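Student: I'd like to ask you about the structure that follows.
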Amino acid sequence: GPSTAMLMICFYEEWLDNNNSPALALAKAQFWLASTTNATKLKYLSNPVPFPRFESLPEDVRQKVSSALSRLQAAVMNRPESLEFVHPYFWAGFYYAGA
């Protein structure tokens, strides 16, 4: 669903682009998902692309990602001041076990 997609976008940004460890990146992504309003999430998703590696993806993958981002934007557009994903149901099922 939209919450998982946003969590993963934020996780990969924190891990790969901000050079956090995977465990810290996941914790930061979970905190962001739970603590930001829909308006904040919409602003994040409305960046040209919320992760820098987008341009290096193949064209067909970029189109799929853009389509998914559009659906995510629509999902959080209603009730902009709501903390839509504050409940642990949306983020607590993810953990980092190591590699």
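The values are calculated or read from the model by the stated rules, or taken from the named source; none is laboratory data. Just so it is clear, the model here is predicted, and its values are computed rather than measured. All Cβ positions, even for glycine, are placed from backbone atoms using ideal geometry, and neighbour counts span all protein chains on display. The accessibility values were calculated without ligands, DNA or RNA, using every heavy atom of the protein model including side chains. Shrake-Rupley method; radii C 1.70, N 1.55, O 1.52, S 1.80 Å.
Student: How much accessible area per residue does the chain have, counting only protein heavy atoms and a probe of 1.4 Å, in square angstrom?
Tutor: I get 61 Å² per residue for this part.
Student: Residue by residue through the stretch 81-93, what is 3J(HN,Hα) from phi via Karplus (6.51 cos²θ - 1.76 cosθ + 1.60, θ = phi - 60°)? Round to whole Hz and write x for glycine and proline.
Tutor: Result, rounded to whole Hz: 8, 6, 9, 4, 10, 6, 5, x, 3, 7, 9, 6, x.
Student: Give me Rg over Rh for the chain, both radii from the alpha carbons and Rh done the Kirkwood way, two decimal places.
Tutor: With Rh from the inverse mean 1/r over Cα pairs, Rg/Rh is 0.96.
Student: What ranking, highest mean first, results for peptides 23-35, 69-81 when packing means the other Cβ atoms within 10 Å averaged over each residue?
Tutor: On the way: 23-35: 17.6, 69-81: 14.3.
Order by mean packing, descending: 23-35, 69-81.
Student: Calculated from DSSP H runs of 4 or more alone, at -39500 (n - 2.57) each and per residue, what is the 222 nm mean residue ellipticity of the chain, nearest 500?
Tutor: -16500 deg cm²/dmol
Student: Here is a follow-up. Under a 5 Å amide H to amide H cut-off, with H placed in plane at 1.01 Å, what residues pair with SER82 once short-range neighbours are removed?
Tutor: Result for SER82 returns ASN38, ALA39.
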